[in-house]
Structures are given as structure tokens and as C-alpha cells.
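Participant: Encoded as C-alpha cells, here's the structure I'll be asking about.
The values are calculated or read from the model by the stated rules, or taken from the named source; none is laboratory data. In this text, all values refer to a predicted model and were calculated from it rather than measured experimentally. Reconstructed Cβ throughout: ideal geometry from the backbone, glycine too, with neighbour counts over all protein chains shown.
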């Protein structure tokens, strides 16, 4: 690999796209982000316009180019998933994309699949199933007027198609369709029949390191990148994020905070998983990871901040400086997405608050939310520990974080918690995949371990003892069902 090789990584997130240019030693040369809207005009609805994604990618890259031009040797992708994009026979997008936050297909799944069918999906695809998967989303749209798709893609697959003209997906993204055979690395004929979806509608499954040339039309979307440049398929955002962590901290459990929180680790060969844990192919698809997703953690923080007329950083400061911390009995169950996919896999949960009284303050509510997220993360860690050892946790927080969540987790988990300074883990994990394609890069070719935060927010000893007791009370409480 040339020491001058630069890669452009694109991470299409839940609310914004992030792009970054990295050199051969994974140093960030430039980065930018651009947001897009989520449409939510009905209960459970979460849609986005794929055209907005393309415009945002173009805008973010133009921001990067304001700092100078770069010789780009490869482009690589990562994206939110599962998110459905349907194309017609002319390769035009049909309607909006249905994002992973959309829960409107949950009832359909309940009506279509009995317990034996669910077990079949679990056995073949490696995942419990609800309406937040691509094929169930497609089935829910089947009665819409003018909905006659020729191809079903994920968000990343659509971006790849726009850049290269190739209809392909990688194994980790394919696992979000609910009809992928995790053992063979191919689409399952039995599951396609179960869902009533012809395999011809699905993209070809290729390795995460597969690349195709950037077309002239695709080059218009990524200014500064020459046609013919290889575009690497990459992987799902959660898998890219863990690839970044695992490249530097082997055998760690990664806790990646964003709109949701992803808890992931490599599945040891002699370990088994449970019905509550999603098994996903990693970048090397023959390797398995176990994943648990807390669906609305960052979104819940943003919601409460708006409600209290604060920004998320101010809300976190309010929680951390709460003078009533060691006496705050408020419990916040953060199931605000209308369901959960952590160590509890249920579609009927809703957010709730317990223990409010007339003396409860804004700070009590703020702290209870951060505690609730930490307690749910602890639930996932303890569940995972039943199947394989948890030796250390690497926490990667959002750019606005004050690292209160990592401090709470460190007080609760009983294993070392290493908090990394502000990173974009999906973006960096995707860049590592591209560098591997260009010449076999590994962590030894890159700078030493990513910078760890020297000091986490300090927790009072009395509060730490109180927090541990409160966590047990929280975990012993029955989650609130919405119906």
C-alpha cells in the first residue's frame, strides 16, 4: 500500500451523513457532516428521502474540499440499517425510504409469523424478528398504490448503486433483511418463501472488501473523486464501529452511543447466543458478532433536552451536577422508540417514569434518563456474560458527550471501562476496511491505540453505592407495556 494512499469514507447515519478523508495511517485529514430530515406524520412512522441522502453526501464532501483537494485512492461506505429502499424496473426509487426507526410493520409480523416461523427465522438468520427489518417493511407496503418493486435495497446498497451501478450488499447489511442465511452467506430459499419475496428482488451478497469502479454519473455525487476509483462495499454502521474498536482493542465489548446504543462483541467459537441477542456477520463474514441494540438512547436524550429547552450537552451537565443524585429515586425506562432490541426484545414497550413527586426537579429527570440508559446497557452486559466472558468495555460516545454514561457504566459493570475521546467509529471502521483493500492495513500500520479519555466525570462514593442498589431495583422492575 502506498504511504500516500488516502481513502474517503462515507457513513450514512440516522440523522446525518458523515464523511472523512483518512491517510494510510488512519490520520484524519478532513471531515464534515450534513443533516437530513426524518418524516414522521403517523404513529410509528420514520421515513427519509433517498434524494436527501445524495444531496447531503455531496454537500458534506464539498465542505471537505473547502480545505483543499485530496488524492483519493478508494471510497468506502457504511450506513444505518435496516432501512428499506425499493426500486422499480427502471431503477427509480419508489416513495420514501423506511428507516430502522419505523415500527409500523410490527403488527404485520405478529400476524404473519407464529412461534415456529419465528424460530425458523432465528435459526437461519441468527436474529429475533420484528417489523424493523427490510422484508417485513416491504410486505407492509405491498398494498400501496403504485408499489411494484423490482429490487429491495438497504440504504447503503442504494448509495453503492448510485455510485457504481451495482446492486450488491455485504453480509452484515444482508442480515437486516430477515431472509439471510448466516451460515452459508447467501439468501435463504426457505425464508424467501416464508416471506413471499422472490430472491431475484434481492441484491447479490458480496464480501465487505468487494469493490467496483466509480461511474461518471456516480462521480457527480462525490466531487473530487475521479471516475474509475474503486468503491468498497464496506459494512453496516454497527459492524464498522466494532471493526474500529476490535482493530485496536481485541476481545473488548464495544458500547457505541449514537441515536441508539449498540453493544457488540466478537462471538467466541465455543460460545452460544440466546434468543434475545442478534448474531451478525462481522467484516470477515465467517466471523460472528453478537449485538444488542438500545433503540432510542441518543434520541431520548435529544428529546428530553428539547423538552427542557436545553441542548444535549447542557442536559448531561444538569444530570451530572444534580445535588440530589444519591437520593434521586426516579426511575426512567428509556423505551421511547416503542420497543426494545437489547437484552429485552419486545415491540410492546413504551417509555415510562416512576417515582416522581412534587419535589422532583429537572435535574432528577435528566439524571434518571442517563441512569436508565446505563441500567439497560448493564442488562445487556450481564446477559452477554452468561455466554462468554466480558473482560473490558470500550465506550465510544457522541461528539457532544461529557462521558457521564461511561462513568455510570464503570460504576456498575465490575470490569474496566475505557472511554475513547470523541471518535466517529463507523466512519473510521469503514476507512480501515478500505485501507485493508488497498494493501492489507492493520492496527500495526496505524497510530497506537486511539486516545483514551484521561479522566471520567467523578462520581461521589455515596452516589456510587446508591447507584448499584438502584440498578438492581430497576432491573427487577417489570418493563411497561404500551398496550
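Participant: Kindly indicate the residue of region 347-360 that is within 20 Å of residue 374 (Cβ to Cβ) and crowded, with 18+ Cβ neighbours inside 10 Å and also modelled with the lowest pLDDT among those meeting that condition.
Facilitator: Ranking the qualifying residues of region 347-360, first place goes to 349.
Participant: If you scan region 94-108, which residues turn out to be surrounded by 23 or more Cβ atoms within 10 Å (Cβ to Cβ) and without any contact (Cβ under 8 Å) to a residue 60 or more places away in the chain? Spell out the reasoning first.
Facilitator: Looking only at region 94-108, we keep the residues that are surrounded by 23 or more Cβ atoms within 10 Å (Cβ to Cβ), and these are 97-102, 105.
Listed by number, the residues that qualify are 98, 102, 105.
Participant: Now for a different question. Any chance region 297-310 includes a residue that's farther than 30 Å from residue 361 by Cα and touching a strand residue (DSSP E or B) at 6+ places or on another chain (Cβ under 6 Å)?
Facilitator: There is no residue in region 297-310 that is farther than 30 Å from residue 361 by Cα and touching a strand residue (DSSP E or B) at 6+ places or on another chain (Cβ under 6 Å).
Participant: Okay, next question. In region 41-59, what residues are closer than 23 Å to residue 82 by Cβ and crowded, with 16+ Cβ neighbours inside 10 Å?
Facilitator: Of everything in region 41-59, those that are closer than 23 Å to residue 82 by Cβ and crowded, with 16+ Cβ neighbours inside 10 Å turn out to be 44, 45, 46, 47, 48, 49, 50, 52, 53, 54, 56, 57.
Participant: Across region 195-215, what is the number of residues that are under 22 Å from residue 437 (Cβ atoms) and free of Cβ contacts under 8 Å to residues at least 12 places away in the same chain?
Facilitator: Here is the first cut: in region 195-215, the ones under 22 Å from residue 437 (Cβ atoms) are 203-215.
Keeping just the survivors that are free of Cβ contacts under 8 Å to residues at least 12 places away in the same chain gives none.
Final tally of qualifying residues: 0.
Participant: Right, here's the next one. Give the residues of region 68-93 that are in a loop (DSSP other than H, G, I, E, B), surrounded by 17 or more Cβ atoms within 10 Å (Cβ to Cβ) and either over 24 Å from the mean Cα position of the chain (by Cα) or without any contact (Cβ under 8 Å) to a residue 60 or more places away in the chain (or both), sorted by residue number.
Facilitator: At the first step, the residues of region 68-93 found to be in a loop (DSSP other than H, G, I, E, B) are 68-71, 80-83, 88-92.
So of that shortlist, the ones also surrounded by 17 or more Cβ atoms within 10 Å (Cβ to Cβ) come out as 70, 80-83.
Hit for region 68-93 is 70, nothing else.
Participant: Sticking with this one: Considering each residue of region 36-67, count those that are under 24 Å from the mean Cα position of the chain (by Cα) and assigned to a loop (DSSP other than H, G, I, E, B), and give that number.
Facilitator: 11
Participant: Another question, then. Restricting to region 169-191, give me the number of residues that are over 20 Å from the mean Cα position of the chain (by Cα), closer than 28 Å to residue 213 by Cβ and touching a residue at least 60 places away in the same chain (Cβ under 8 Å).
Facilitator: 1
Participant: Hand me the list of strands (runs of 3 or more DSSP E) wholly inside region 130-240 holding 3 or more residues that are touching a helix residue (DSSP H, G or I) at 6+ places or on another chain (Cβ under 6 Å).
Facilitator: Those strands (runs of 3 or more DSSP E) span 230-236.
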